[in-house]
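First up is the structure itself, then whatever we jot down about it.
The values are calculated or read from the model by the stated rules, or taken from the named source; none is laboratory data. Since we're looking at a predicted model, the values are computed, not measured. Virtual Cβ from ideal backbone geometry, glycine too; neighbours counted across all protein chains shown. The accessibility values were calculated without ligands, DNA or RNA, using every heavy atom of the protein model including side chains. Shrake-Rupley method; radii C 1.70, N 1.55, O 1.52, S 1.80 Å.
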Amino acid sequence: MAYEDRAFAEQLAARGVTRRDFVKFCGSVAAMLGLSESMVPTIASAVESAAGSKLYPAVWVNGGACTGCTESMAQATYPDVATVVLDILSMNYMETVMMAMGADAEKALYDTVNNNEGKAIMIYEGSVMKGWDGNALRVAGEPSLKILDDLAPKVAAIIAVGSCAVDGGWVKAGPNTADATGVSMYLAEKGIKTPVINLPTCPVNPEWIVAMVVDVLLLGELESGAILGKLDAQGRPKLIFGQTIHDNCPRRGHFENGEFVYQFGSPEEAKGYCLYAMGCKGPQTQTNCPIVRWNNQTSWCVESGSPCIGCGNFNWVDNGAPFLGRMRKVAIGSGSHNGGFAPGVAGAAVGGVVAAALGVHAIGMAATGRLGNMPDTEDVKEHDRKKGGDK
Amino acid sequence: MSHAYTREMHPLAFVVSHWTNLCAMVFLTLSGLYIHYPIFPGFMGAARGTHNFWMFVLLINLVVRLVMGFTLKTSKLAGGREKELDIKNFLPQAENRHQLWPTIKYYLFLKKEHPLGGKYNSLQKFAYVLTVPLILLAAYTGFALWGPTSQWSFFLAGTTMVANWFNGGVGGAALMPMRIVHYWTMWAILSFTFIHVYLANIYGFDADRIMFAWKETGTDHA
């Protein structure tokens, strides 16, 4: 594959990206999509021709969000390879960065979807807030649910970015007065069948969005339906969310050797030992963070010294807090926000109560002279004796 | 002293199976507690290997014990030599009929004489049969946590169910609640073990002699 398209070559050059960087990047996208290396030229040429020709209509909708996922997308301190792919999206609506305001902006949102029915992509950031008839979050003078009600059936697919969009994220953590939930749950309630691709973590990793854009738009996986086969039962791409952080953790060797950090500021921490005893949720969190890493593949949570807090998990705050503890607290039926009790204490208490009850029983056995001396067995069952007496 | 203990009550195969259970429980509990929180360093790989190995031993032993229950004959009465199919000792028998309440009364000191019964009394039957679902629950929750099997839909369904149960219906497929249930299962099995050890030894150590060393007591052979 040569530099056939001079305009594309100039686009790369303008970003300070070499052809080699670009092909390497296409290789990493291929890996994330589960494609073989032989597909790299296909991806490269798809990106190349797309970058030179058409723009794909897309809207970025913010629900109940901290805008952290938008920040994550804007993480690049210099224009990088990923932007080559993201530039092929015609992002006609994105609250944080668009120039338009007021009615014009909302018109752009509706026009983009209505004029491209069945073709536009909706990227949804943040939770779906259902509380107070949807008035927990109002956009443009209406409950924000209206955007999903009106537009979700008309887009080709929704990419739910970040844990909030996936299942409500931290917004849903108890007591959840805003009645926050995820996009796919909300659509299921409404009977809307638009495919949803879930990309959890808090915030989302832009590399995954790039991979999905390539998969959905450029390789035509959405049209062919192949994309759905690549998603797990929770609607997450299997290849990105198929293994635990623990599986690929650079500190895994320390885990197997039993070398743990028990306290921050300790010599063990300085040695980069495993953070399991500090409550790391890596063993129960399925993302490829250790491989893809963050901020232009610079580092990620565990590499920079923090235990994984499990933000790629479902209902991750209720299930993961306290983040530095091995187990969450338990309050059955209502999440951990109502105080609850520590599972370890509860288990030991049950064992303790049983042992104590047996101790008391043993005192009773001693007092009645049964200890070490089984009393005589009855001659006739009580039931039979009574029955006999009745006769 | 209690009643006699005969080899017909507990054949050699049961002695071996009981030893296997004991070893498995001890190793699983200790390695499991270590995996739950590695209180001292240097042992995680070994602890996980140990936990894995004895889990398979316990499960295979459970299957073997169940098969033996349906194939071997053991004595029908405590201290007796007359035999019938072993599994019948765990099911309702004529000997135990109407005896549940008297047995409870006996252990609550409301009845002086030891109630009549089969080889096992009514409460024993409940307790022993309960160990089967308890071990299966421990295995199921364990497989739901174990990397190679956690994504099998059979286990994933349980993980989701437990997570929903812990979170008012909005759990997703998070593993933390399953981890807690697995941990509690250990305490349930430990509680059974406490009671079992206590009651087996309350009248003396004859039960240990037959169960661990296959030595009869209180019989002509003793």
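Could you state the principal axis extents of the C-alpha atoms in region A:239-391, from the largest down, to the nearest angstrom?
91, 35, 29
Mind checking which of B:Val63, B:Asn21, B:Gly118 is farthest towards the positive end of region B:1-123's charge dipole, using Cβ charges of +1 (Lys, Arg) and -1 (Asp, Glu) about the Cα centre?
Positive-end residue among those listed: B:Gly118.
Which sequence of B:Met25, B:Met68 reflects their accessible areas, 1.4 Å probe, from the largest down?
B:Met25, B:Met68
Please calculate how many Å² of accessible area chain A carries per residue, with a 1.4 Å probe and no DNA, RNA or ligand atoms counted.
43 Å²
Considering the options A:Leu151, A:Asn295, A:Ile43, tell which one lies farthest towards the positive end of the dipole of chain A, charges being +1 on Lys and Arg and -1 on Asp and Glu at the Cβ, about the Cα centre.
The one lying farthest along the dipole's positive direction is A:Asn295.
Hey, what number do you get for chain A at 222 nm if only DSSP H runs of n ≥ 4 count, each worth -39500 (n - 2.57), divided across all residues, to the nearest 500?
Using -39500 (n - 2.57) per qualifying helix, the result is -11000 deg cm²/dmol.
Might you tell me the accessible area per residue for region B:12-213, computed with a 1.4 Å probe and given in Å²?
Accessible area per residue, region B:12-213: 49 Å².
Could you report the accessible area of A:Asp247 in Å², rounded to 10, computed with a 1.4 Å probe on the protein chains as they sit in the structure?
A:Asp247 has an accessible surface of roughly 80 Å² with all protein chains in place.
In peptide A:375-382, what is the residue-averaged number of other protein chain Cβ atoms found within 10 Å of each Cβ?
6
With axes computed from alpha carbons, what is the tilt in degrees of helix B:176-201 against the longest principal axis of chain B, rounded to the nearest 10 within 0 to 90?
Compared with the principal axis, the helix lies near 20 degrees.
Please report the antiparallel percentage of DSSP beta bridges with both residues in chain A, rounded to the nearest 5.
Here the share of antiparallel DSSP bridges comes out near 30 percent.
With θ set to phi - 60°, apply the Karplus curve 6.51 cos²θ - 1.76 cosθ + 1.60 along region A:245-257 and write out the HN-Hα couplings as whole Hz, x wherever there is a Gly or Pro.
For region A:245-257, the Karplus curve yields 4, 4, 4, 10, 5, x, 9, 4, x, 5, 4, 4, 7 Hz.
Each residue of region B:49-62 in order: what ³J(HN,Hα) in whole Hz does its phi give by Karplus 6.51 cos²θ - 1.76 cosθ + 1.60, θ = phi - 60°, with x for Gly and Pro?
For region B:49-62, the Karplus curve yields x, 4, 4, 4, 4, 6, 4, 5, 4, 4, 5, 5, 4, 4 Hz.
For peptide B:146-153, what's the mean number of Cβ atoms from other chains within 10 Å of each residue's Cβ?
2
By residue number, which cysteines of chain A lack any other Cys whose Cβ falls under 4.7 Å from their Cβ?
A:Cys26, A:Cys66, A:Cys69, A:Cys164, A:Cys249, A:Cys274, A:Cys280, A:Cys289, A:Cys301, A:Cys308
Using a probe radius of 1.4 Å on protein heavy atoms only, what is the accessible area buried between chains B and A, both sides summed, to the nearest 100 Å²?
Adding both sides of the contact gives about 5100 Å².
Quick one: which residues, 5+ away or cross-chain, put their amide H under 5 Å from the amide H of B:Gly79? H built at 1.01 Å from N.
For B:Gly79, whose amide H was placed from the backbone, the distant partners under 5 Å are B:Thr6.
Based on Cβ point charges of +1 for Lys and Arg and -1 for Asp and Glu, what charge dipole magnitude is obtained for region A:343-390 about its Cα centre, in debye rounded to the nearest 20?
For region A:343-390, the charge dipole is close to 140 debye.
At a threshold of 8 angstrom on Cα-Cα distance, excluding pairs fewer than six apart, so keeping six or more, what relative contact order does region A:117-219 reach in percent?
30 percent
Based on Cβ point charges of +1 for Lys and Arg and -1 for Asp and Glu, what charge dipole magnitude is obtained for region A:217-283 about its Cα centre, in debye rounded to the nearest 20?
Dipole about the Cα centre, nearest 20: 40 debye.
Rounded if a/c is under 1.5, else prolate if a/b beats b/c, else oblate: with a ≥ b ≥ c from the C-alpha gyration tensor eigenvalues square-rooted, which is region A:258-328?
Oblate shape, in that a/c is at least 1.5 and b/c is the bigger or equal ratio.
Please arrange A:Asp167, A:Asp179 by accessible surface area, largest first, computed with a 1.4 Å probe and ligands excluded.
A:Asp179, A:Asp167
What angle do you read, to the nearest 10 degrees and between 0 and 90, between the alpha-carbon axis of helix A:343-367 and the longest principal axis of chain A?
Here the helix axis deviates by roughly 10 degrees.
Taking the highest mean first, how do the peptides A:296-307, B:173-184 order by number of other beta carbon atoms within 10 angstrom per residue?
B:173-184, A:296-307
Is the C-alpha gyration tensor of region A:54-240 telling us rounded, prolate or oblate? Criteria: a/c under 1.5 is rounded; beyond that, a/b larger than b/c is prolate, otherwise oblate.
rounded
Using modelled amide H (1.01 Å from N, peptide plane; none on Pro or chain starts), what sits under 5 Å from the amide H of A:Ser144, excluding residues fewer than 5 places away?
A:Leu137, A:Arg138, A:Val139
Near A:Lys329, which aspartates and glutamates are there with a Cα under 19 Å away, not counting those fewer than 8 places off in the same chain?
Result set, ordered by chain and number: A:Asp318.
What does the C-alpha gyration tensor say about the overall shape of region B:1-149? Classify as rounded when a/c is under 1.5, otherwise prolate if a/b is larger than b/c, or oblate.
Because a/c hits 1.5 or more and a/b exceeds b/c, region B:1-149 counts as prolate.
What is the angle, in °, between the Cα long axis of helix A:40-52 and the longest principal axis of the Cα atoms in chain A? Nearest 10 is fine, range 0 to 90.
The two axes meet at around 50 degrees.
With a 1.4 Å probe and all protein chains left in place, how much of the accessible area of the protein assembly as shown comes from carbon and sulfur atoms, in whole percent?
Answer for the protein assembly as shown is 63 percent, counting heavy atoms of protein chains only.
Going by average Cβ neighbours within 10 Å, how do the peptides A:355-368, A:251-264 rank, with the highest at the top?
With the highest mean Cβ count within 10 Å placed first, the list reads A:251-264, A:355-368.
Can you give the charge dipole size of chain A about its Cα centre, rounded to the nearest 20 debye, using +1 on the beta carbon of Lys and Arg and -1 on the beta carbon of Asp and Glu?
Using only the charged Cβ atoms, the result is roughly 840 debye.
Among A:Lys381/B:Lys111; A:Lys146/A:Lys230; A:Lys154/A:Lys190; A:Lys381/B:Lys76; B:Lys88/B:Lys119, which pairs are too far apart, with a Cα-Cα distance over 20 Å?
In this structure, A:Lys146/A:Lys230 exceed 20 Å between Cα atoms.
Using Cα pairs closer than 8 Å and at least 6 residues apart in sequence, work out the relative contact order for region B:95-173, in percent.
17 percent
Using alpha-carbon pairs under 8 Å, 6+ residues apart, how would you state the relative contact order of chain B in percent?
Taking the mean separation of contacting Cα pairs over the length of chain B, I get 25 percent.
Evaluate peptide A:365-372: per residue, the Cβ atoms of other protein chains within 10 Å of its Cβ; return the mean as an integer.
3
Would you mind giving the average projected area, over all directions, of the Cα convex hull of chain A in nm² with one decimal?
32.3 nm²
Apply the Karplus parameterisation 6.51 cos²θ - 1.76 cosθ + 1.60, with θ equal to phi minus 60°, to every residue of region A:20-31 and state each ³J(HN,Hα) to the nearest whole Hz, in sequence, with x for glycine and proline.
Calculated HN-Hα couplings, in order: 4, 4, 5, 5, 4, 4, 4, x, 5, 5, 4, 4 Hz.
Amide H of A:Val61 versus every other amide H placed in the peptide plane: which residues, excluding those fewer than 5 positions away on the same chain, fall under 5 Å?
A:Ile123, A:Tyr124, A:Glu125
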